[in-house]
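Engineer: Please find one structure pasted underneath; my questions will follow.
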Amino acid sequence: MNRPLAILSDRPADQDRLGFGPYAKTLTDIVTNPNTDTPLTIGVFGGWGRGKTSLMQMVLRRLQAAQGEAFPVRTAWFNAWLYSREQALWRALVSSVLEAVRQFPTLDAPARQNLQRLESRLYSVALPAGGQLTVGPGTIPGLEGASLPALVGLELLRRQAERRGDDARGWQQLVADVETSEALAHRDQIVALDHFRREFEAISARYITPHGRLVIFIDDLDRCLPDKAVEVLEALKLFLDVPGCVFVLGVDSAVIEEGVRVRYSEYKIEIEGSLYLEKIIQIPFNLPPIPPAAVKQYVREVTGNLLPDQRCETVFSVGLEPNPRRIKRTLNIFLLLWQLAQNREDLCQAIMPVRLAKMVIIQQYYPGLFALLTRGPHHLIDLERRFRQGVDEPGAPEAPPHDAVPTARTTEEGISAGPLAGFVNRGLLHDLLTCTDAAEADANFIDLTPAGVLEYVYLTRSTVEERAVEAEAAQLPFEPQMVTIPAGPFLMGTRPGEADELVRIGLVRDWVEREIPQGEVTLPAYAISRYPITNAEFARFITDGGYENTDYWSEAGWRHREKERWGQPRYWDVARWNDPSQPVVGVSWYEALAYCRWLSAKTGREYRLPTEAEWEKAARGRDGRRYPWAGEWDPSRCNNKTSGPGCTTPVGQYPTGDSVYGVGDMVGQVWEWCSSNYASYPYSADDGREDLETDAPRILRGGSWWNDNPPGVCRCAFRFWDSPWYWNFSRGFRCVRGLER
């Protein structure tokens, strides 16, 4: 891009970019037709930012252009919101109407003087009659310094005097005098307002109706407080509903209906807002929805066809609500962030415009999803993959009747959405993430790593309040994504014939013999978390008091928690390990077990640590493969000491290393606690190794980011163990759940 794009203003459009021309002409023809019966009120209905003002100004310009014709129309524009702080908003409206009446050249000098007298008297009687009374110190306990209506304050002072036993007759007389004064003032107001209506109707009949028409546009009613908006409508009917006058209102019906509810809440008979509007507005005109093609054209015109990538127009036309004001706001955020990225050396080559456009729309329209991405950028990759594969969220997935043996994971079927459940059935979100072809690598997120997605999240986060993100995050579901592992047999352990080869690559023979013999183990269906539990997920356990509730802990675990005063994982406050999307580390087996029990209590579904057999099947499938992806070591497929960054990474960073079932980060990354005690093979779940109340060493699986000899240690069959109270920066875990039938 050769030059920066200008930020767009929020002013109403001075050109017809939304195809409003036919609507404007129709409304203009109605207003200027001498045979149109008046008084008349036209309502232009539409939500915030839908283009009501733009349409009304188009009608205004057409009317102004016709002022010199045989049937002239005089106009006035009243912005209700600008006067919404007025004590009597209706009075400001009446003044605007009178100013418009003065435009008629047919008014003679006496008529103009009469208008001036009407307006002056209107102002004098609209002042509050009783005023305010400030409560002095020591007069009314608890109300010192309060400002009250005079009559209320005097009555309270009278009662206070009676309670003290003082002579309250003076207060009684004051109350009576103020009541009389206010009654007289109220009478004068009624007389004055009635006189105004009669005089205004007479002026209209003599000077307006025979010579043209007065059209008053009332804008921004939906920006006023609801009761103020109703006040304007009442003024139309009470004072200005006279022949020769036409009112064109920009109205959000929901605001008016709420205003009616508030203003008449104490009435014995409920007044419906929709019926109220029907009595005031004779011609309702609802702004039609803007088709996607028009949105695309609108985006092109307001940006001068200068977006950094033409495909952005498609993204905005698909993902944006057809609301001109919100379109401009979203475009401005995009333009701001794009310029910022271009001005940063670390981002100018990394940030692609089409991806940024998608992320800005997510941040603006799907704040819950954006909050989720700040804690796990891998979720966006997973969501787009689900959309492109046509996977709908089925709830807890049912396991197939037998263990299929796919050669590679190609589908999201059998993977529950977890925290994505609220977004997988959003049609517009689906269209947004799939509106570019899957082959366009620079336009999609499935071709990025989670760290790459995080760059877009961090950049976009600068345009949203941190409190708003945190509030959305607090509402996110507890449950992680879960992958169904079908019932059936699998090969567990290592064949004796492989021992010499494993020793040659650097493993100690005693270690290898822990995995021997290989045998077939049959398991029922279960689900396992797609990734290791992250810091963001574990944080919910901490903030919910998981470390203080004995119900979640084994007896031995609680003793260690009390002795060591655990209140959070070790390294929890160390920046190197505390990104929300990294696996939680520094947790003992006891803490991992407590988290699973807490998750069960919160969700009503039984979560637990995986048995050693469940972990191994999820990692290697049923065919006994050495690594989750195949039989050959490939350091690029997992986070290991040879090729990794030297610490944990966001989960999902190595999708080519996923297991045949779609379980990620099974080897490398972190050692994962299993429920099983260490015991020799063959594996049997009934031999006591699954007793959760012992203090025996517990199995760890998967290797980690820092172990030497990753080809030997980062195998599906490799076994390690440690004391259940032990922790360090390479220990993490994931959960399993039985499948409901």
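The values are calculated or read from the model by the stated rules, or taken from the named source; none is laboratory data. A quick note: this is a predicted structure, and the numbers were derived from the prediction, not measured. Neighbour counts run over all protein chains shown; Cβ positions are idealised from the backbone, glycine included.
Engineer: Test each condition in (1) in a loop (DSSP other than H, G, I, E, B); (2) buried (at least 17 other Cβ atoms within 10 Å of the Cβ) for G250 and report the one that comes out false.
Structural biologist: (1)
Engineer: Any residue in region 302-314 that is among the small types (G, A, S) and assigned to a helix (DSSP H, G or I)?
Structural biologist: The answer is no; no qualifying residue exists.
Engineer: S204 is checked against (1) surrounded by 14 or more Cβ atoms within 10 Å (Cβ to Cβ); (2) over 33 Å from the mean Cα position of the chain (by Cα); (3) at pLDDT 80 or above and fails just one. What number does that condition carry?
Structural biologist: Going through the list (1) surrounded by 14 or more Cβ atoms within 10 Å (Cβ to Cβ); (2) over 33 Å from the mean Cα position of the chain (by Cα); (3) at pLDDT 80 or above, S204 breaks only (3).
Engineer: Using the structure shown, decide if G43 is at pLDDT 80 or above, assigned by TED's automatic domain parsing to the domain that holds E201, under 20 Å from G244 (Cα atoms) and not hydroxyl-bearing (S, T, Y). Spell out the reasoning first.
Structural biologist: Details: at pLDDT 80 or above: yes; assigned by TED's automatic domain parsing to the domain that holds E201: yes; under 20 Å from G244 (Cα atoms): yes; not hydroxyl-bearing (S, T, Y): yes.
The answer is yes for G43.
Engineer: Quick one: how many residues across region 313-332 are at pLDDT 85 or above, within 18 Å of Y366 (Cβ to Cβ) and buried (at least 18 other Cβ atoms within 10 Å of the Cβ)?
Structural biologist: 9
Engineer: Of the residues in region 338-392, how many are surrounded by fewer than 17 Cβ atoms within 10 Å (Cβ to Cβ), farther than 13 Å from Y458 by Cβ and among the charged types (D, E, K, R)?
Structural biologist: Residues meeting the conditions: 3.
Engineer: Looking at the structure I just gave you, is S588 touching a strand residue (DSSP E or B) at 6+ places or on another chain (Cβ under 8 Å) and farther than 13 Å from W673 by Cα?
Structural biologist: Judged against the criteria, S588 is not a match.
Engineer: Further question on the same structure: Residues of region 472-496 being in contact (Cβ under 8 Å) with a residue 12 or more places away in the chain and hydrophobic (A, V, I, L, M, F, W, C), which ones?
Structural biologist: Step one: list which residues in region 472-496 are in contact (Cβ under 8 Å) with a residue 12 or more places away in the chain, which gives 472-473, 475-496.
Of everything in region 472-496, those that are in contact (Cβ under 8 Å) with a residue 12 or more places away in the chain and hydrophobic (A, V, I, L, M, F, W, C) turn out to be A473, L476, F478, M482, V483, I485, A487, F490, L491, M492.
Engineer: Out of all the residues in region 595-614, which are within 31 Å of the chain's Cα centre (by Cα) and either under 22 Å from P628 (Cα atoms) or small (G, A, S) (or both)?
Structural biologist: S600, A601, G604
Engineer: Could you grab me the full set of residues in region 688-701 that are buried (at least 21 other Cβ atoms within 10 Å of the Cβ) and in contact with a Pro (Cβ under 9 Å, 6 or more places away or on another chain)?
Structural biologist: R698, R701 - these are the residues of region 688-701 that are buried (at least 21 other Cβ atoms within 10 Å of the Cβ) and in contact with a Pro (Cβ under 9 Å, 6 or more places away or on another chain).
Engineer: Still on this structure, please answer the following. What's the total number of residues in region 559-576 that are over 35 Å from the mean Cα position of the chain (by Cα) and over 18 Å from D695 (Cα atoms)?
Structural biologist: Of the residues in that region, 1 qualify.
Quick grid of which residues meet (1) over 22 Å from W48 (Cα atoms); (2) at pLDDT below 85; (3) not assigned by TED's automatic domain parsing to the domain that holds E231:
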{"site": "K268", "(1), (2), (3)": "yes, yes, no"}
{"site": "I271", "(1), (2), (3)": "yes, yes, no"}
{"site": "L275", "(1), (2), (3)": "no, yes, no"}
{"site": "I281", "(1), (2), (3)": "no, no, no"}
{"site": "Q297", "(1), (2), (3)": "no, no, yes"}
{"site": "N305", "(1), (2), (3)": "yes, yes, yes"}
{"site": "R311", "(1), (2), (3)": "yes, no, yes"}
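Engineer: Taking the residues in region 429-468 that are small (G, A, S) and within 22 Å of Q582 (Cα to Cα) as candidates, determine which candidate is surrounded by the fewest Cβ atoms within 10 Å (Cβ to Cβ).
Structural biologist: Initial filter on region 429-468 (small (G, A, S)): 438-439, 441, 443, 451-452, 462, 468.
Filter again for within 22 Å of Q582 (Cα to Cα), leaving 451-452, 462.
Values: A451: 16, G452: 18, S462: 10.
If we take residues in region 429-468 being small (G, A, S) and within 22 Å of Q582 (Cα to Cα), then S462 is surrounded by the fewest Cβ atoms within 10 Å (Cβ to Cβ).
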